[in-house]
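Below is one structure, written out as structure tokens; the observations come after it.
The values are calculated or read from the model by the stated rules, or taken from the named source; none is laboratory data. Quantities reported herein were computed from a predicted structural model and do not represent experimental measurements. Positions of Cβ are backbone-derived with ideal geometry, glycine not excepted, and every protein chain shown enters the neighbour counts. The accessibility values were calculated without ligands, DNA or RNA, using every heavy atom of the protein model including side chains. Shrake-Rupley method; radii C 1.70, N 1.55, O 1.52, S 1.80 Å.
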Amino acid sequence: MLKNIILMGPPGAGKGTQAKKLVSEFNLVHISTGDMFRDAIKAGTELGLMAQSYINRGDLVPDEVTIGIVKERLAMEDCASGFLLDGFPRTIPQAEALEKIGQEISRPIDVVINIDCDKNELIRRISGRRVCKNCGAPYHVDTMKPKVDGVCDICGGPLYQRKDDNKDALEVRLGHYVNQTKPLLDYYQNKGLLKTFDGSIGSDVLFDDLTKLIRGQK
Ligand code: AP5
């Protein structure tokens, strides 16, 4: 089984949706830098106050900050049995730092999963996304509705719209994806680690494909 995994893709491709199911299926540690920043914002920590303005505008949080929090998290004992990085790395310096960290702690990356999706579908997904305030589970107002309007199926928490899920911030996020994150696809392709999947197919079908890959059946 592949156990140290990177999940990549543009904003709205379905990284968070798949990550939540995969970590539960394979008992992996879910390391989402976006969630870590949002938790810090909610808790009002120094990190949260710093990250807030970048995130709300759709800009990337500076590399040294992001690399620092991931390095600390990856070194924790629970990551020894496997982890799934969701939204990290997003720049070449982050990828180079991750490679160095992996060597230092003997936890190298086994596979990089890229979820691809076209821009119109990304805009549709992001503009209709609602997220649980308690557990972070993602929903969509048209295509992934909760059973009870405004209430999370999993934990009963209230659903809300993220501050960076608006037209202006999304344009900025997509721009950063194209200019800074997309070059990582070649970086990982050259290392023989990249596997690309079509994210526009149904969420359950994609999950089946990803589980086969992780089990080594694909
Ligand atoms: P982050 O939280 O990582 O956001 P993102 O990459 O923009 O990705 P999203 O969470 O928007 O989308 P997703 O791919 O997870 O899609 P989801 O599954 O929710 O980062 C936020 C911010 O934090 C960044 O902009 C930056 O400021 C900062 N940050 C984070 N990491 C950083 C880093 N490494 N360096 C610097 N800064 C960093 O799905 C979207 C919607 O589509 C949902 O409504 C869902 O229900 C629906 N959906 C999902 N799958 C399907 C499907 N197959 N079919 C139909 N609908 C689907």
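Looking at L185, L213, L206, just one residue is touching a strand residue (DSSP E or B) at 6+ places or on another chain (Cβ under 9 Å) and either more than 22 Å from N27 (Cβ to Cβ) or modelled with pLDDT under 95 (or both), and that residue is L185. The requirement of being of a type outside the set (D, E, K, R), under 27 Å from F26 (Cβ atoms) and modelled with pLDDT of 95 or more is fulfilled somewhere in the range 162-178, by at least one residue. Of all residues in the range 117-164, those that are at positive phi and either surrounded by 15 or more Cβ atoms within 10 Å (Cβ to Cβ) or among the aliphatic types (A, V, I, L, M) (or both) total 1. Within the range 38-54, restricting attention to residues that are in a helix (DSSP H, G or I) and out of contact with any helix residue (DSSP H, G or I) (no Cβ under 9 Å at 6 or more places or on another chain), the residue that is most open to solvent (accessible area, probe 1.4 Å) is A43.
Selection of the range 48-76 for residues being within 18 Å of the chain's Cα centre (by Cα), closer than 15 Å to A95 by Cβ and within 11 Å of the ligand (Cβ to nearest atom) yields L60, D63, T66, I67, V70. Residues in the range 1-13 that are open to solvent by less than 20 Å² (accessible area, probe 1.4 Å) and either within 19 Å of S200 (Cβ to Cβ) or assigned to a loop (DSSP other than H, G, I, E, B) (or both): L7, M8, G9, P10, P11, G12, A13.
Is one or more of the residues making up the range 76-89 assigned to a loop (DSSP other than H, G, I, E, B) and among the hydroxyl-bearing types (S, T, Y)? Within the range 76-89, not a single residue is assigned to a loop (DSSP other than H, G, I, E, B) and among the hydroxyl-bearing types (S, T, Y). For L22, the stated conditions hold: it is within 13 Å of the ligand (Cβ to nearest atom), open to solvent by less than 10 Å² (accessible area, probe 1.4 Å) and part of a helix (DSSP H, G or I). For the range 109-140, filtering for residues that are in a loop (DSSP other than H, G, I, E, B), in contact with a helix residue (DSSP H, G or I) (Cβ under 7 Å, 6 or more places away or on another chain) and modelled with pLDDT of 95 or more leaves 1. Filter the range 179-218 down to the residues that are closer than 25 Å to F37 by Cβ and surrounded by fewer than 12 Cβ atoms within 10 Å (Cβ to Cβ) and list them by number. Passing the criteria: only N179. Considering each residue of the range 95-115 in turn, none proves to be within 11 Å of the ligand (Cβ to nearest atom), touching a residue at least 40 places away in the same chain (Cβ under 8 Å) and open to solvent by 50 Å² or more (accessible area, probe 1.4 Å).
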